[in-house]
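Beneath this line is the structure, given in structure tokens, with notes to follow.
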Amino acid sequence: MKYISTRGQVAPTGFIDAVLMGLADDGGLLVPQSVPKVTADTLQAWRKLSYADLALEVFSLYAGGEIPREELKKLVDDSYGTFRHEEVTPVRKLNDNLYVLELFHGPTFAFKDVALQFLGNLYSYISRRTKSIIHILGATSGDTGASAIEGVRGKEGIRICILHPHNKVSKVQELQMTTVDDANVLNLAVEGTFDDCQRIIKDLFADVGFKRKYHLRAINSINIARLLAQTVYYFYAYFRLEEQGVKGNVSFSVPTGNFGDIFAGYLAKRMGLPIHRLLLATNENNILERFVNEGVYQPGEFRGTYSPSMDIQVASNFERYLYYLYGEDAAAVASLMAGFKAEGRIEIPAEKRKQVQADFAAYGVRNEECLDTIGGYHGRYGYLLDPHTACGVAAVDKLAEQGEVAVALSTAHPAKFDEAIRLRGIPQTFPPQIQALFDKPQFRTVVGGTNVEIQARLEKFF
């Protein structure tokens, strides 16, 4: 298995080198040179596997034998042994046509744990095996930071710096990051939006000299290992529905801002998982909805919402989808991205838009609609949705076809977003791990949103 850049200027590279490279050295994103195909017989063989065993099989397809199977199995077992639920990502039935895939049973109560527990252990493994320095640099709209820090805190040979937008994440998300007082962790609160944080990260990784000098590694979903880990729960959920007698027409509704979680579903479908439809749920920062429905990818005005992890205007994984939309034509993608950098806009022709609408349906959820969905489903089923999951459920309500069964991805525990839950007068009890955060001191540095200032901080830390 080799990995290539969406822009075509990087030689095919192996799995470990792809993980270490993060952002491709030509500024593109790494994708498998060929997506492995999963046959009907393989799907049959995978149906009864535990989550960890299923993850082992999927990772084995992509690791290309670079990690001995027993060592890979230990990485997987160690990663998912930290989850509070024995199924890792259990599926809950709300009604005959709607299920919820609970992805929040990891250490930080967010779906990012599914990938970042593994990636943290993988980086530690690579550091020991290659005797290399791992300096992780990442940006977060809320959940990635806490999950990444939890995955590598205190680990020898690894340092991590996380940027988050100052005062634009939930209080619990902030506390999960900034109450960590480990010498290998640096939290920078950037005066700006998540898009500013993400732009700085991409610019620093695109400076290949700086990247190599300071041994920078990516923890964001620009890292291909993140997405490979997330494909697993699509397979797992599909098999759980089959056990309950659901056959065919299974769709997934995915709340997404950075296009990573839903791209993992798209990748699972390309592998051979018989997904009926992928429903793309956004909030009022709806660049992805507009792209699906109108064929135009152009940032709009930033809006703060009750679902802050999706308050994103520029989706970092969008380029990976463009690569497949344009028939794996790297030159076409490079041209499109150069045009986007120059003009801030991509517009695709009508025939491409038809393909996009065959791949996805999209819906942007308004703020009050998000809260109404939380209140309505709590009243009807006694089930509490966090505001991001509520966007996914609202998209199902809006887009569902007759007879379609949908799985809404539940990306976070509602306790992480109590500010929104309280607006509907719904009391909740915090898990003890979250309640304890409010009594801890915080460790963070507030910085301006310039590359120069961030670079100077990194040079001192790394």
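The values are calculated or read from the model by the stated rules, or taken from the named source; none is laboratory data. What you see is a predicted model, and the numbers here were worked out from it, not measured in a lab. Every residue, glycine as well, gets a Cβ built from its backbone with ideal geometry; the counts of neighbours run over all protein chains shown.
A single member of ILE200, ILE222 is touching a helix residue (DSSP H, G or I) at 6+ places or on another chain (Cβ under 6 Å), touching a residue at least 40 places away in the same chain (Cβ under 8 Å) and not small (Gly, Ala, Ser), and it is ILE200.
Residues are listed down the side, and each one gets a yes or a no for (1) within 23 Å of ILE434 (Cβ to Cβ); (2) without any contact (Cβ under 8 Å) to a residue 12 or more places away in the chain; (3) touching an Asp or Glu at 6+ places or on another chain (Cβ under 8 Å); (4) small (Gly, Ala, Ser):
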residue	(1), (2), (3), (4)
LEU116	yes, no, yes, no
ILE126	no, no, no, no
LEU137	no, no, no, no
SER141	yes, no, yes, yes
GLU150	yes, no, yes, no
HIS166	yes, no, yes, no
SER170	yes, no, yes, yes
GLN173	yes, no, yes, no
MET177	yes, no, no, no
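Please find, within the stretch 195-237, the residue that is farthest from the chain's Cα centre (by Cα) out of those that are among the hydroxyl-bearing types (Ser, Thr, Tyr) and in a helix (DSSP H, G or I). Checking each candidate, the answer is TYR236. When residues in the stretch 1-23 are screened for being in a loop (DSSP other than H, G, I, E, B), under 21 Å from the mean Cα position of the chain (by Cα) and over 17 Å from LEU267 (Cβ atoms), 1 of them pass. Taking the stretch 238-258 as the range and being assigned to a helix (DSSP H, G or I) and farther than 16 Å from VAL38 by Cα as the test, the residues that pass are ARG240, LEU241, GLU242, GLU243. Each residue in the stretch 445-462 was checked for being touching a helix residue (DSSP H, G or I) at 6+ places or on another chain (Cβ under 6 Å) and either modelled with pLDDT of 95 or more or surrounded by 15 or more Cβ atoms within 10 Å (Cβ to Cβ) (or both), and 3 of them qualify.
Looking at GLU351, GLU368, GLU343, GLU401 in this structure, which one is surrounded by fewer than 14 Cβ atoms within 10 Å (Cβ to Cβ) and either of a type in the set (Lys, Arg) or under 16 Å from THR305 (Cβ atoms) (or both)?
Details: GLU351 fails: either of a type in the set (Lys, Arg) or under 16 Å from THR305 (Cβ atoms) (or both); GLU343 fails: either of a type in the set (Lys, Arg) or under 16 Å from THR305 (Cβ atoms) (or both); GLU401 fails: either of a type in the set (Lys, Arg) or under 16 Å from THR305 (Cβ atoms) (or both).
Within the list GLU351, GLU368, GLU343, GLU401, the selection yields GLU368.
A count restricted to the stretch 47-73 and to residues that are over 24 Å from the mean Cα position of the chain (by Cα) and in a helix (DSSP H, G or I) stands at 3. Pull up the stretch 341-365, narrow it to residues that are small (Gly, Ala, Ser) and in contact with a helix residue (DSSP H, G or I) (Cβ under 6 Å, 6 or more places away or on another chain), then point me to the one that is nearest to GLU401 (Cα to Cα). Taking the candidates together, the pick is ALA361.
Kindly state which helices (runs of 4 or more DSSP H) lie completely within the stretch 103-184 and contain at least 1 residues that are in contact with a Gly (Cβ under 9 Å, 6 or more places away or on another chain) and under 17 Å from GLY22 (Cα atoms). Spell out how you get there, then give the answer.
On the way: elements: 112-130, 143-152, 171-178.
Result: 112-130, 143-152.
The set of residues from the stretch 404-444 being surrounded by 12 or more Cβ atoms within 10 Å (Cβ to Cβ), among the polar types (S, T, N, Q) and within 24 Å of LYS93 (Cα to Cα) comprises SER410, THR411, GLN428.
Taking first residues from the stretch 299-315 that are buried (at least 16 other Cβ atoms within 10 Å of the Cβ) and of a type in the set (A, V, I, L, M, F, W, C) and partners that are at pLDDT below 90 and assigned to a loop (DSSP other than H, G, I, E, B), the Cβ contacts under 8 Å between residues at least 6 apart in sequence or on separate chains come to MET310/SER141; ILE312/SER141.
Of these, LYS269, LYS247, LYS211, LYS202, which one is closer than 22 Å to TYR51 by Cα, charged (D, E, K, R), surrounded by fewer than 24 Cβ atoms within 10 Å (Cβ to Cβ) and modelled with pLDDT under 95?
On the way: LYS269 fails: modelled with pLDDT under 95; LYS211 fails: closer than 22 Å to TYR51 by Cα; LYS202 fails: closer than 22 Å to TYR51 by Cα.
Result: LYS247 is the single residue among LYS269, LYS247, LYS211, LYS202 that is closer than 22 Å to TYR51 by Cα, charged (D, E, K, R), surrounded by fewer than 24 Cβ atoms within 10 Å (Cβ to Cβ) and modelled with pLDDT under 95.
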